[in-house]
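Data block below; observations after.
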Amino acid sequence: MSLAQRDKAILWHPYTQMQTAPLPIGITRGEGALLFSEDGKTYLDAVSSWWVNIHGHAHPHIAQRVSQQLQTLEHVIFAGFTHEPAVQLAERLLRLLPSNQARVFYTDNGSTAVEVALKMVLQYWFNQGVEKTKIIAFEGSYHGDTFGAMSVSERSVFTRPFQQYLFDVEFLPVPVPGKEEQTLARLQELLQHEDIAAFIFEPLVLGTAGMVMYSPEVLNELLRLCRKQKVMTIADEVMTGFGRTGKRFAMDSLTEQPDVMCFSKGITGGTMALGVTTCTQEIYNAFLSQDKTKALFHGHSYTANPVACAASLASLDLVEAPEFLQNLERITASHAAFAQELAGKEGIKEVRQTGTILAVEFEVGETSYFHNLRDVLYNFSLENGVLLRPLGNIVYALPPYCITTEQLAQVYQTMEGMRQLI
Ligand code: PLP
């Protein structure tokens, strides 16, 4: 029996209607931007799997560091104990982040990094006896699948069965070009209310919404307004972090600084599950007390797993190497040239690009996640040996930064070829 058939008999996959889904593709090996399947096919991973493998697959430097750590200390409880990889990673991360970020809290994925961020800001006010309990989030946003993260995400078919358990959130329109004034006006209106605790946002690019992009200038303005009203700001860099927007972090394009930041995905180069939430000294200080009940009551069995921290340290070696920024520039320039070439052609509604993120929105009428067009585009990409995972009629590339010029050309050719399917 093939790997795919054995899987089909007993496994349950994420975001998958198991009754109608085709057999999964059994992957046996990865190298650089390539994945190799059990039936001898090769796939160019143009989306870094779930946006995580920023340095490509099976990177030898990360593999070596992980192996070394496994033989030294694989895990230790992170309450009352600590270890070198956790401390070192926090030190190195804080050096790269906006200067106001002062404390690091570990979890194990993007959703839990967001849960912690929400708990931090809500309890920040609670500990001070201030009644601020409402969160503002962008319409269309996606912050994860746990209940708090779902609450601050767009209400959709993903969240419908759980609607009654999600807390109320004020949604703000995304300030896409032409809509900036509307967003600013709406935020000003919301900030009149005394009970707003925080504003959570995906900086510059809303990923799952379909790579929806907006400018750093308008985000600066939104953050200034929040700061004036003492509303905490949470930058969810789970997708944008570690180079995606062309800089190390999306927030590097801003002059304003957020109070809290969330990271995961690229943090270990897609090798180990790790989430990180960072915050300012001011937020941290609100939890300091002789009263034990003011502590942050959150943690996971695998919090600060040493192997995951070591993987992240190895990934940071690559992020801090000179080739990293050179690769970002190379991919950014290549995407920009292709975007210019494709824009305005028949079948293309819009081409969007921020750094290494390229999104092609195809022209169609009513679309949804379940629109058949999505499957047609997906199957076409696989038939062409490229892994692209469309969001409805939007096909995007978030390649690993080791992708070659020839491999990028193959991605573009596949996207261009999709026009004939529309
Ligand atoms: N936040 C953002 C912006 C994301 O894009 C995602 C995942 O796509 C998450 C949070 C959730 O991360 P995870 O899938 O690791 O739980």
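Coordinate-derived values only; no laboratory data. Every value quoted in this text rests on a predicted model; they were computed, and no experiment measured them. Using ideal geometry, Cβ is built from the backbone for each residue, glycine included, and neighbour counts are taken over all protein chains shown.
Structure notes:
- Distance between the 7 Å Cα→Cβ label points at E282 and F297: 2.7 nm.
- Percent of beta bridges antiparallel (DSSP, the chain, rounded to nearest 5): 65
- Averaging the sequence gap over all C-alpha pairs within less than 8 Å and six or more residues apart, then dividing by the number of residues, gives the range 152-251 a relative contact order of 24 percent.
- Rough spin-label spacing in nm, given labels placed 7 Å along Cα→Cβ, for Q192 and Q413: 5.8
- Label point distance in nm, E74-T20, each placed 7 Å from Cα along Cα→Cβ: 4.2
- A viscosity of 0.890 mPa s and a temperature of 25 °C, combined with the Kirkwood radius over C-alpha pairs in the Stokes-Einstein formula, give the chain a diffusion coefficient of 109 µm²/s.
- Candidates P85, H75, I10 compared by Cα position along the dipole of the range 1-121: farthest toward the positive end lies P85, with charges placed on Cβ.
- Rounded to the nearest 20, the size of the Cβ-charge dipole of the range 89-319 about its Cα centre is 380 debye, with Lys and Arg at +1 and Asp and Glu at -1.
- Loop sites in the range 13-78: GluC sites (Glu not before Pro), DSSP, at most 14 other Cβ within 10 Å: E38, E74
- In terms of other Cβ atoms within 10 Å, K8, K292, K41 run from fewest to most in the order K292, K41, K8.
- Relative contact order (percent, whole number), the chain, Cα cutoff 8 Å, 6+ residue spacing: 21
- With at most 14 neighbouring Cβ atoms within 10 Å, loop chymotrypsin sites (Phe, Trp or Tyr not before Pro) (DSSP) excluded, longest segment of the chain: 168-296
- The residues H335, H61, when put in order of fewest to most other Cβ atoms within 10 Å, stand as H61, H335.
- Placing +1 on the Cβ of every Lys and Arg and -1 on the Cβ of every Asp and Glu, with no other charges, gives the chain a dipole of roughly 500 debye about its Cα centre.
- Based on DSSP H segments of at least four residues, each scored -39500 (n - 2.57), the chain has a per-residue ellipticity at 222 nm of -10500 deg cm²/dmol.
- Cα gyration tensor shape of the range 89-319, rounded if a/c is under 1.5, else prolate or oblate by comparing a/b with b/c: rounded
- Taking a point 7 Å from the Cα of L421 along the Cα-to-Cβ direction, the residues of the range 31-49 with backbone N closer than 15 Å to it are 44, 46-47.
- Gained length - E350 relative to T404, 0.36 nm times residue gap less alpha-carbon distance: 16.9 nm
- A DSSP coil position with no more than 16 other Cβ atoms inside 10 Å describes the following GluC sites (Glu not before Pro) in the range 352-422: E363, E366.
- When K247, K345 are sorted by how many other C-beta atoms sit within 10 angstrom of their C-beta, beginning with the fewest, the order is K345, K247.
- Gained length - A63 relative to W12, 0.36 nm times residue gap less alpha-carbon distance: 15.5 nm
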